[in-house]
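Heads up: the structure comes next, in structure tokens.
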């Protein structure tokens with residue numbers, strides 16, 4: 001068949017060459033989901049199974065093309081359960097594997113996440129969150145799955161979940177998810193959301209080879225050798241010993257096993273957890289945010305501190321103040337003396353208790369904006385029992401605007417109205 | 001000649017071998033296996049034609065049919 | 001102990017959790033015979049779901065995934081795509097394969113991916129204590145059908161035929177030689193193989209479904225109630241059709257089709273495995 005004819009028959013193809021579309025400095029303008037797919041390839045992911053679901057579909061679309069080109073395998077499964085199961089199977093075949101989904105699909109994958117946690121299989125799950133519950137809001141964003149990521153599967157286990165707030169982080173955190181999953185031999189969840197997934201930004205791509213240490217770890221109490229290496233690995237969903245033999249009927253051994261899969265994460269929390277602190281040195285008020293909400297939170301800090309940023313301007317607030325206070329007052333209102341800082345949580349699970357407590361030790365008030373009815377705020381209240389912790393929930397699919405958060409700050413310091 | 005052994009550590013006493021053997025090599029016995037069941041005894045070993053159905057049909061791999069000595073068929 | 005059995009079984013894991021006279025052991029021995037005849041001990045992995053029959057591979061000296069209930073086929077598909085050159089043997093019960101895993105069976109068979117499914121059919125949910133399964137005969141009294149099972153029983157082999165599986169056979173535990181041959185052929189066959197095994201459950205299915213609790217008697221009945229039929233033949237009234245139903249070597253296997261489509265697009269055949 002002639003080359004041209006084949007192109008027509010197959011429709012328009014994305015260029016397989018990774019260099020196409022890159023700027024002179026090597027960066028690229030990408031959508032969050034595309035950055036995730038590229039990060040996975042860069043991290044050595046060579047198996048992807050998925051099922052299309054808005055708003056994560058771009059990942060499966062891009063990897064359908066890129067995964068074979070990278071020498072990996074791609075399959076569109078019959079459902080999310082099958083996707084989650086086949087990546088675990090593929091990982092035991094020796095291929096680094098991930099799947100991507102959203103809302104309802106993430107619910108279907110929960111049993112497999114528990115299976116991966118129990119069998120200590122390093123796989124990556126991408127959850128591009130959408131509004132829920134049930135079918136919910138397929139095209140709008142939320143952070144309602146933050147507890148499902150932690151407690152979704154039955155039984156006791158610990159999970160690692162990373163929450164990106166920019167396209168660059170979507171790329172970097174995908175690579176980090178693979179690194180952490182291999183290091184701790186555990187499923188890792190990338191808890192993205194529709195805002196980040198569909199946002200387009202400049203991304204610095206890595207060209208180096210990501211080396212991931214997948215050697216056996218002594219804190220892992222399950223078989224660790226991939227299949228077909230003569231190790232007779234038994235991947236056992238029932239509680240098991242190092243050789244994969246069931247111990248589910250022996251309470252003492254079973255208890256030690258469950259403790260171990262929890263402790264291997266919680267004991268290494270210092271290594272896993274990452275937060276970023278902005279303007280926290282002299283802050284009286286801290287905003288604690290994760291995922292896409294960290295972006296308006298950052299802008300709220302800039303507004304409050306009078307940090308000049310051409311891209312943000314409290315238009316709505318000025319407009320409203322014009323009516324309530326008159327032009328002169330509105331213009332002359334200076335918020336810049338407000339000592340507001342931001343703690344942006346990169347690792348939502350395990351909860352970065354120590355880092356949050358350290359950064360927020362001198363503040364009086366903590367505001368936790370979230371695109372849900374107030375979930376993660378409960379963790380903050382637990383970590384900071386002697387501070388005033390205020391929840392700023394927002395549901396319905398709209399992300400907080402910077403002025404939403406600024407309003408709350410002003411309300412707290414008694415400057416509102 | 002064959003030597004048929006029933007492993008008393010493995011036999012669960014289901015008696016499938018007694019019924020499946022075309023030459024009635026196995027008979028019930030009063031011997032007890034490790035699981036507490038009465039295990040069969042390969043009493044009529046001289047009748048064995050080495051079809052090895054007992055080996056294939058034993059759910060616990062407890063029966064071993066071993067060909068010993070010169071072929072006398 | 002049987003020497004071949006000893007070679008393939010993790011003796012430290014014995015005893016098997018199968019009840020005395022359970023058909024699973026016979027299927028296990030048949031699978032050992034098949035693997036041994038092929039001599040592919042190092043190139044085969046087993047995957048199973050949940051249920052009594054899912055424990056069959058767990059005692060074998062092989063790489064094994066004892067997966068989630070009903071999900072043996074997707075686990076195996078991932079493993080197969082990561083290592084297309086290896087063989088995967090799946091053990092799945094009637095409930096595991098036809099009820100909770102039905103969707104995966106449909107798509108696995110339709111893809112014609114190179115997997116060998118040994119569907120151990122004992123007509124009951126044995127591990128949970130004798131509840132109605134998709135293959136429980138109409139009217140049979142079980143713990144969850146105290147007034148008689150109302151559902152029409154599913155026929156595993158016929159379902160797999162309709163779904164497009166390219167190697168389909170049905171045998172019983174009363175036919176261990178034929179069963180071992182079928183498993184061997186199924187592993188050799190490049191494509192989706194489905195081998196249904198009617199297997200006795202003396203403890204749970206014995207009393208209500210078969211009318212006897214004696215394993216030897218159940219095996220005798222399996223021999224009486226079945227009739228070996230060649231392709232296209234129908235059994236006499238009241239008998240269950242057994243034998244090799246289909247062996248179609250013409251249909252191209254899934255991983256080969258993928259590789260061909262990649263090669264057509266100018267992509268070198270990729271596979272997931274690290275050494276590939």
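What follows draws every value from the coordinates through simple rules; no lab data is involved. Owing to the predicted nature of the structure, the values given are computational and were not obtained by experimental measurement. No Cβ is skipped: glycine too gets one built from the backbone with ideal geometry, and neighbour counts run over all protein chains shown.
What separates the Cα centres of segment A:233-259 and segment A:89-140 is a distance of 24 Å. On the basis of the beta-carbon distance and an R0 of 25 Å, residue B:27 and residue A:249 show a calculated FRET efficiency of 0.10.
Taken along the Cα-to-beta-carbon direction at a fixed 7 Å, the label points for residue A:232 and residue C:61 span 0.6 nm.
Under 14 Å from a point placed 7 Å out from the Cα of residue A:25 along the Cα-to-Cβ direction: which residues of segment A:284-308 have their backbone N that close? Answer for segment A:284-308: none.
Between residue A:76 and residue B:67, the C-beta separation translates, for a Förster distance of 51 Å, into a calculated FRET efficiency of about 0.40.
On the beta carbon distance between residue C:162 and residue C:138, with R0 = 30 Å, the FRET formula returns roughly 0.90. With the simple model of a label 7 Å out from the Cα in the direction of the Cβ, residue C:99 to residue C:14 spans 3.2 nm. Axis of helix A:80-92 versus longest Cα principal axis of chain A: the two differ by about 60°, to the nearest ten degrees.
Give me the percent of DSSP beta bridges within segment A:72-212 that run antiparallel, rounded to the nearest 5. Numbers along the way, then the final one.
Values: 1 of 14 bridges.
DSSP beta bridges in segment A:72-212 are roughly 5 percent antiparallel.
Compared with the dominant Cα axis of chain C, that is its longest principal axis, helix C:23-38 is turned about 30°.
Counting only DSSP H runs of at least 4 residues, each contributing -39500 (n - 2.57), and dividing by the residue count of chain C, the helix-based mean residue ellipticity at 222 nm comes to -9500 deg cm²/dmol. Taking square-rooted eigenvalues a ≥ b ≥ c of the alpha carbon gyration tensor, is segment A:115-215 rounded, prolate or oblate, where a/c under 1.5 means rounded and, failing that, a/b exceeding b/c means prolate? Oblate shape, in that a/c is at least 1.5 and b/c is the bigger or equal ratio. Spin-label model, residue A:364/residue C:261: points 7 Å from Cα along the beta carbon direction are separated by 6.4 nm.
Available extension along the chain between residue C:128 and residue C:212 is 28.3 nm, counting 0.36 nm per residue and deducting the alpha carbon span.
Using the Cα gyration tensor of segment C:1-160, with a ≥ b ≥ c the square roots of its eigenvalues, what is the shape: rounded (a/c below 1.5), prolate (a/b larger than b/c) or oblate (neither)? Walk me through the intermediate numbers first.
Working: a/c = 2.30, a/b = 1.32, b/c = 1.74.
Because a/c hits 1.5 or more and a/b fails to exceed b/c, segment C:1-160 counts as oblate.
Could you state the angle between the C-alpha long axis of helix A:57-69 and the longest principal axis of the C-alpha atoms of chain A, as a value from 0 to 90 degrees rounded to the nearest 10? Taking Cα atoms only, the helix is inclined about 40 degrees. Under the classification rounded if a/c is under 1.5, otherwise prolate if a/b is larger than b/c and oblate if not, where does chain A fall, given a ≥ b ≥ c as square roots of the Cα gyration tensor eigenvalues? The shape class here is oblate. Comparing Cα centroids, segment A:351-417 and segment A:151-228 end up 27 angstrom apart.
Each part reduced to its alpha carbon centroid, segment C:130-183 and segment C:1-71 end up 21 Å apart. Per-residue ellipticity at 222 nm from helix content only, as computed over chain A with -39500 (n - 2.57) for each DSSP H run of at least four residues, stands at -11500 deg cm²/dmol.
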